[in-house]
1. Residue under question is residue 31, and the condition is that it be farther than 16 Å from residue 118 by Cβ, among the polar types (S, T, N, Q) and loosely packed, with under 12 Cβ neighbours inside 10 Å; does it hold?
2. Taking the residues in the stretch 34-74 that are closer than 17 Å to residue 113 by Cβ and of a type in the set (D, E, K, R) as candidates, determine which candidate is surrounded by the most Cβ atoms within 10 Å (Cβ to Cβ).
3. Filter the stretch 92-101 for residues that are of a type in the set (A, V, I, L, M) and exposed (fewer than 14 other Cβ atoms within 10 Å of the Cβ) and give the result.
4. For the list (1) open to solvent by less than 20 Å² (accessible area, probe 1.4 Å); (2) touching a residue at least 60 places away in the same chain (Cβ under 8 Å); (3) not hydrophobic (A, V, I, L, M, F, W, C), I need the number of the one condition that residue 77 fails.
5. Only one of (1) open to solvent by less than 30 Å² (accessible area, probe 1.4 Å); (2) free of Cβ contacts under 8 Å to residues at least 40 places away in the same chain fails for residue 89. Which number is that?
6. Condition first: under 21 Å from residue 8 (Cβ atoms) and either of a type in the set (Asp, Glu) or at pLDDT below 95 (or both). Now tell me which residues in the stretch 84-110 satisfy that.
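The values are calculated or read from the model by the stated rules, or taken from the named source; none is laboratory data. All of these numbers come straight from a predicted model, not from anything done at the bench. Cβ sites come from the backbone with ideal geometry, for glycine too, and all protein chains shown count toward neighbours. Surface accessibility is based on the protein's heavy atoms, side chains included, excluding ligands, DNA and RNA. Shrake-Rupley method; radii C 1.70, N 1.55, O 1.52, S 1.80 Å.
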Amino acid sequence: QVQLVESGGGLVQAGGSLRLSCAASGLTFSSYTMGWFRQAPGKERDFVSAIRWSGSTEYADSVKGRFTISRDNVKNTVYLQMNSLNPEDTAVYYCAALTGGTYASTKSYRYWGQGTWVTVSA
């Protein structure tokens, strides 16, 4: 049974930083591309970042230069370091394991975590 558990969300002031973690179990973690998505209230779930098994990374334009994705294949954990946060980053952040398709599409990910809230105050 695959489980993805996010942590590290919270309330932060604009300009601040947070580091999200996603601990995975029940899958061969090192073989999977892992992604981060976010969903603001009333909006669709959007791609944020992805990291392949090789370590290569992808970012949405809106977070490029501010967010950094990384992974630890020993700890079966993927991270999202978020700097220079602004109120537009407020959302529930989800990690997911890609099972087929393009990295930026939610349809490509079969396994999802429960999400963690990030709230950025002005």
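1. Yes: the conditions hold for residue 31.
2. The selected residue is 38.
3. Keep residues of the stretch 92-101 that are of a type in the set (A, V, I, L, M), which gives 92, 96-98.
Within the stretch 92-101, no residue meets the criteria.
4. If we test residue 77 against (1) open to solvent by less than 20 Å² (accessible area, probe 1.4 Å); (2) touching a residue at least 60 places away in the same chain (Cβ under 8 Å); (3) not hydrophobic (A, V, I, L, M, F, W, C), just (2) comes out false.
5. Among (1) open to solvent by less than 30 Å² (accessible area, probe 1.4 Å); (2) free of Cβ contacts under 8 Å to residues at least 40 places away in the same chain, the lone unmet condition for residue 89 is (2).
6. Of everything in the stretch 84-110, those that are under 21 Å from residue 8 (Cβ atoms) and either of a type in the set (Asp, Glu) or at pLDDT below 95 (or both) turn out to be 88, 89.
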